[in-house]
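The values are calculated or read from the model by the stated rules, or taken from the named source; none is laboratory data. Nothing here was measured: the structure is a model prediction, and the numbers come from that model. We place every Cβ from the backbone using ideal geometry, glycine too, and count neighbours over all the protein chains shown. Heavy atoms of the whole protein, side chains included, go into the accessibility calculation; ligands, DNA and RNA do not. Shrake-Rupley method; radii C 1.70, N 1.55, O 1.52, S 1.80 Å.
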Amino acid sequence: MHKYYQLKENNSLKLWETWVIANTIAQSLGWFMAAYLSQTIDKFGNQNTYQVLLLLGTLEGFLLGFAQWLVLRRYIRHASYWIFFTIAGVLISWFMGLTVSAVIGLVYAANLHQNMVTLIEEVALLGAAVGTVIGYAQWLIFQTVNKQAIWWVFANAVAFGLGMVIAFIGAGIDKPLGLNIHASLIAVATGAVMGIVISSITGIVLVWLLKPRLRHYSKYHGGGLC
């Protein structure tokens, strides 16, 4: 009996670690693309903003959804739909104005000696809105696995609220104009820290919601992830 519960605990830790790694990589790549395409908008003007946002939202949503799918496919039936629902959630949040460019705009406001506490609160609310939209889109899939999956929406709201504050800090770091190596490293590092914070929080809720599936794998697959 002790061995069974030890295997279950190992499965939970393995799932959390895999989730954090996958999301950190996806967020790093996504934030780098956001920084690059933001430069594209500045260079070519607002006439291409719609197309750039559509491309960025699709790419970012795909990266995040695909990375998460690689983890969830072992536990959720028809998990491939997770990718499409994640893309939809990211696109909706982008076209609602809940974008990286909004965070950058708040950074400029900070440079105008706005109240920093107020700005951080606004960024956190912005992130919570993003997390709510994405979390709700994914909940439409998750609810078929666990009836308590509504907590997934709240977890994403909290996680993205904190993650967007990190993005705000990263965007405010002094760096040269343009996307050179220095700026690229800052963008990737910002995305990585965001990914670690966001996925660490959502990963805890993920493990809790998938606990019955983890018990199944512990019993029938010797504690390993198949």
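So is I169 modelled with pLDDT of 95 or more and either crowded, with 18+ Cβ neighbours inside 10 Å or within 23 Å of G30 (Cα to Cα) (or both) or not? Steps first, answer last, please.
Details: modelled with pLDDT of 95 or more: no; either crowded, with 18+ Cβ neighbours inside 10 Å or within 23 Å of G30 (Cα to Cα) (or both): yes.
For I169, the condition - modelled with pLDDT of 95 or more and either crowded, with 18+ Cβ neighbours inside 10 Å or within 23 Å of G30 (Cα to Cα) (or both) - is not met.
Table: residues versus (1) more than 19 Å from the chain's Cα centre (by Cα); (2) hydroxyl-bearing (S, T, Y); (3) at pLDDT 70 or above.
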position: T99; (1), (2), (3): no, yes, no
position: M116; (1), (2), (3): yes, no, no
position: A129; (1), (2), (3): no, no, yes
position: Q138; (1), (2), (3): no, no, yes
position: I141; (1), (2), (3): no, no, yes
position: G195; (1), (2), (3): no, no, yes
position: I204; (1), (2), (3): no, no, yes
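Give the residue that is modelled with the lowest pLDDT, with candidates limited to residues of segment 206-226 that are within 18 Å of W152 (Cα to Cα) and open to solvent by 30 Å² or more (accessible area, probe 1.4 Å).
Only one residue tops the list, namely R213.
Give the residues of segment 144-166 that are at pLDDT below 90, of a type outside the set (K, R) and open to solvent by 20 Å² or more (accessible area, probe 1.4 Å), sorted by residue number.
Within segment 144-166, T144, V145, N146, V165, I166 meet the criteria.
Would you please list the contacts, defined by Cβ atoms under 7 Å and residues six or more apart or on different chains, that run from a residue in segment 75-97 that is closer than 16 Å to T144 by Cα and open to solvent by 40 Å² or more (accessible area, probe 1.4 Å) to a residue that is among the hydrophobic types (A, V, I, L, M, F, W, C) and part of a helix (DSSP H, G or I)?
S80/W69; Y81/I141; F85/A137; F85/L140; F85/I141
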